[in-house]
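The values are calculated or read from the model by the stated rules, or taken from the named source; none is laboratory data. Small disclaimer: the values here were computed from a predicted structure and weren't measured. With ideal geometry, Cβ positions are generated from the backbone for all residues, glycine too; neighbour counts draw on all protein chains shown. Calculation scope for accessible area: heavy atoms of the full protein, side chains included, ligands and nucleic acids excluded. Shrake-Rupley method; radii C 1.70, N 1.55, O 1.52, S 1.80 Å.
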Amino acid sequence: MLALKGTTVALEVRTQTGTDEFNRPIYETSFEDVENVLIAPVNSTEMLDTLNLTGRKAVYQLAIPKGDTHEWENCRVSFWGQLWRVIGIPTEGMDDLIPLAWNKKVQVESIVEGES
């Protein structure tokens, strides 16, 4: 039997370090490795749907392993030597009803060089 195994990606993690003079939070960012993430290209229908709904072009879909507690919304992720931005919020299934090791998924878009 073939066992599925994902790859390690680096996820941007934001930590609040204080507030500014207008009481807005100030964050420090770093990257943490997340292991066993599946990466798959989105199909053309998903790409067009995301583009029509958000104005952003989804390129890949990431399957996140069960038990992961990282915040994936509005962050960047690095894999295959490139930086990507998460589109929207993760969709999550119920752990007990999903037979494999992944229960969340997010879509990512490519970040053009010079963007943050």
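Table: residues versus (1) more than 15 Å from the chain's Cα centre (by Cα); (2) at positive phi; (3) surrounded by fewer than 16 Cβ atoms within 10 Å (Cβ to Cβ).
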residue	(1), (2), (3)
Thr7	no, no, yes
Arg14	no, no, yes
Asp20	yes, no, yes
Asn23	yes, yes, yes
Tyr27	yes, no, yes
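Checking Thr45, Thr50 one by one, the residue that is surrounded by 17 or more Cβ atoms within 10 Å (Cβ to Cβ) and outside any loop (DSSP other than H, G, I, E, B) is Thr50 and no other.
Yes or no: region 77-94 includes at least one residue that is assigned to a loop (DSSP other than H, G, I, E, B), open to solvent by less than 80 Å² (accessible area, probe 1.4 Å) and β-branched (Val, Ile, Thr). Before the answer, list the steps.
Kept after step one, since they are assigned to a loop (DSSP other than H, G, I, E, B), are these residues of region 77-94: 80-81, 93-94.
If we keep only those that are open to solvent by less than 80 Å² (accessible area, probe 1.4 Å) too, we end up with 93.
When the remaining residues are screened for being β-branched (Val, Ile, Thr), the result is none.
Within region 77-94, none of the residues are assigned to a loop (DSSP other than H, G, I, E, B), open to solvent by less than 80 Å² (accessible area, probe 1.4 Å) and β-branched (Val, Ile, Thr).
Here Leu4 passes the criteria (1) touching a residue at least 60 places away in the same chain (Cβ under 8 Å); (2) of a type in the set (A, V, I, L, M); (3) within 19 Å of Ser110 (Cα to Cα) except the one numbered (3).
Determine, yes or no, whether Ala40 is assigned to a strand (DSSP E or B), of a type in the set (Gly, Ala, Ser) and touching a Lys or Arg at 6+ places or on another chain (Cβ under 8 Å). Criteria not met by Ala40. So for region 64-74 (the condition being touching a Leu at 6+ places or on another chain (Cβ under 8 Å), free of Cβ contacts under 8 Å to residues at least 40 places away in the same chain and either surrounded by 11 or more Cβ atoms within 10 Å (Cβ to Cβ) or among the aromatic types (Phe, Trp, Tyr) (or both)), does at least one residue qualify? No, region 64-74 has no match at all.
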